[in-house]
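Note sheet for the following structure.
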Amino acid sequence: MTPYLLAIDNGSQSTKVTIFDCRGHALASARRRLKPYDISVPGHAVHPGDDIWDSIQEACRDAMAQFSGNPADIGAVGLCTIRFCRALLAADGSLAEPVLSWMDERVSRPYEPSNPVTRYVTTSSGYITYRLTGRFVDAAANYQGVWPIDQETAGWSSDPAAYAATGMARDMLFDLVAPGGWLGEVTPAAAGTTGIPAGVPVYATANDKAVEALGSGLEEDGTVLLSLGTYIAAMTIGSSSRSTDDSYWANFAAQPGKYLYESTGIRRGMWTVSWFRSVLEGSPGEELAAGMTGLDEALNAEASELAPGSNGLLTLPDWLAPASAVWRRGALLGFDGSQGRAHIYRSILEGIALTMVNHTAAMERALGCRLSPVLVSGGGSHSDLMMQIVADVFDRPTHRAAVNDAAGLGAAICAAVGHGIYPDWGRATAAMVTAGDEFAPDKRNSRAYQKINKVYAGLTTFTDPLFRSMTDVLEGLERA
C-alpha cells in the first residue's frame, strides 16, 4: 500500500489540512480560521494566545475524522506555515509570548531581547515543528527577512557580523533542514491532540509562497505564477540567489538549490474583493469566509457583461500601502453616475490585473525575458471572470491551478520526495500536479486593456501628491 500524505498549510487567515494520495488527489480536508490579530499595541500584530497551534490541532483532528482510509496508512506529514513570522520560545519550547505575524513591525527589525524567558528565536514553522516532533529544528527555506541566513548555502552564516546585525546569537537558533528533509516524528503527545498517528515522519517544506508555487506546478521554464491571495505577487523560478534590481527579490524555492523570484506585490490583494463584498452585505472591514457565495456569483455574472474599462472606472488597489510608499491609499477614480456595483467590482479586478501586469513587466525587463504562460493560484483563481481578465490583461494563455490548496499540495510533494515515494522533484511534480482550466486571451479585449494601461500605469504620478498631502493633513489633525 502506497502511503497517504498529510499536508499542513498554515496561512495568514486560516489553517488548512489535507490528506492526499500519492497522485495528488485530495481525500479529506479541513480548515480552521485563525483569530483576528491582536493589534492593541501600535505597530504590533500578534497571533493571540497559541492560536496557530490550536488551529492546526483542530484542523488535523477534523481531517483525520473525515479520512475514510486506515490512519496507519498515513505515511508522512508535510509542514508549511506563513513566512516572515517570528516565534520567541522558552527553554522548554513553549511560547515566551504570542507569535509575531508578518505584519508586526518588529519582524522587519533586528531582534531586541525584552523577555528574560526567551531562549530561542525561530519561525512559526520552527515552533510548530517543535510541537509536532519535540525537536529544535526548522525548514531552512522558510527564513526570509531579518535572519543571519546565508542565501547561497541556505545555512546559518559564517560571518559574525550577520549575527550582530540581526541581534541573534547562533545558540538561539534552530538547526536547519532543506526542503524534503526529515524534521522528526510525531510524538505521542502531538498524536493525542492532532489525531495523526505517533511515529509518522514530518518533512520540511519552505516559505508558503514557494510551497504554493511548487503545488501549482511552477518550474524553471519561463512560466510565471500569479498568486491571487490576501497578498498578491507574480513569481517565477531561477537559479541565482540575488536579484538584479528592485523590481523583484529572490527567496528560497521549495526545491533545494533553486530560488523563487517574486515581483512587487499588492499587500491587500483579494482582501479588497472581500472588503467590497462585505460593504455590500453590511459588514465593512470584515473578511468573509473563503469560497464563492451567491453574491459572488451575481457580481461575476453582472460584471462579465461589461466591457473592459468598467465605463471609465479605475481602481488603485493600495488598501494597505506598500512599504516603499507609505502615504498611498486605495482609490476608485472616474465615477460619473453611470456605474453600479458590477462596475466597481470589475474595476477592482481590473486594477489588480493591471497592477500585476506592470509589476511583472518590470521583473521581465530585469530578467531579460518574457514570462509565459501564466499560472494562477489562490482564492481569486476560482472566479472565471478574474481568470479571463488576467488572460486579457497579460495577453497570454492563462491556466488555473487544479487544486484549491496549492500550498497544501506543495507540502505533500515535499513529503513525498522526502519519504522516498518519488526519487526526485521532477517526477513527484509530474505525478502529483494536474493542469487546470486554460483561458485564452480575447484579442479585442487585450488591445483595449493595452490602451487603458497607458493611462493606468501613470496614475500614481497624479495620486501620490494628493495622498502625501492628505497624510500631512491627517497627522496635523491628530496632533491638534
Exercise for review: Quick one: work out the % antiparallel among DSSP beta bridges in the chain, nearest 5.
Suggested key: 70 percent
Review point. With the other protein chains left in place, how much accessible area per residue, in square angstrom, belongs to the chain at a 1.4 angstrom probe?
Key: 40 Å²
Practice item. Kindly provide the helix-only [θ] at 222 nm of the chain, computed as the sum of -39,500 (n - 2.57) over DSSP H runs of four or more divided by all residues, to the nearest 500 deg cm²/dmol? Key: -11000 deg cm²/dmol
Practice item. Take 47, 343 and sort them by solvent-accessible surface of the protein heavy atoms, 1.4 Å probe, largest at the top. Key: 343, 47
Study note, to complete from the structure: By accessible area (1.4 Å), largest first, 451, 16 order as 451, 16
**Study point:** For the range 321-380, convex hull of alpha carbons as volume per residue, Å³
**Key:** 140 Å³
Exercise for review: Please report, in cubic angstrom per residue, the volume enclosed by the convex hull of the alpha-carbon atoms of the chain.
Suggested key: 154 Å³
Check your understanding: Once both labels are modelled 7 Å past Cα along the beta-carbon direction, what's the residue 44-residue 305 spacing in nm?
Key -> 5.2 nm
Exercise for review: Heads up, I need the accessible area for residue 143: 1.4 angstrom probe, whole protein in place, Å², nearest 10.
Suggested key: 0 Å²
Revision key, fill the gap. Over all directions, the range 188-335 yields a Cα convex hull whose mean projected area in nm² is 13.7 nm²
Check your understanding: What full-extension length gain, to one decimal in nm, is calculated for residue 169 and residue 182 as 0.36 nm per residue of separation minus the Cα-Cα distance?
Key -> 2.2 nm
Check your understanding: Given the protein chains as shown and a 1.4 Å probe, how many square angstrom of residue 247 are accessible, to the nearest 10?
Key -> 10 Å²
Point to revise | Ranked order, 297, 58 - accessible area, probe 1.4 Å, largest first | key: 297, 58
Point to revise | Most positive-pole-ward Cα, 351, 162, 56, against dipole of the chain from beta carbon charges | key: 351
Point to revise | Under 20 Å from the Cα of residue 443 - aspartates and glutamates, other chains or at least 8 residues apart | key: 305, 350, 384, 392, 395
Study note, to complete from the structure: Probe 1.4 Å, all chains present, heavy atoms only: residue 249 accessible area in Å², nearest 10, is 80 Å²
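The values are calculated or read from the model by the stated rules, or taken from the named source; none is laboratory data. This is a predicted model, so every value here is computed, not measured. Cβ coordinates were reconstructed from backbone atoms using ideal geometry, including for glycine residues, and neighbour counts include every protein chain displayed. Note: areas computed on protein heavy atoms with side chains; ligands, DNA, RNA excluded. Shrake-Rupley method; radii C 1.70, N 1.55, O 1.52, S 1.80 Å.
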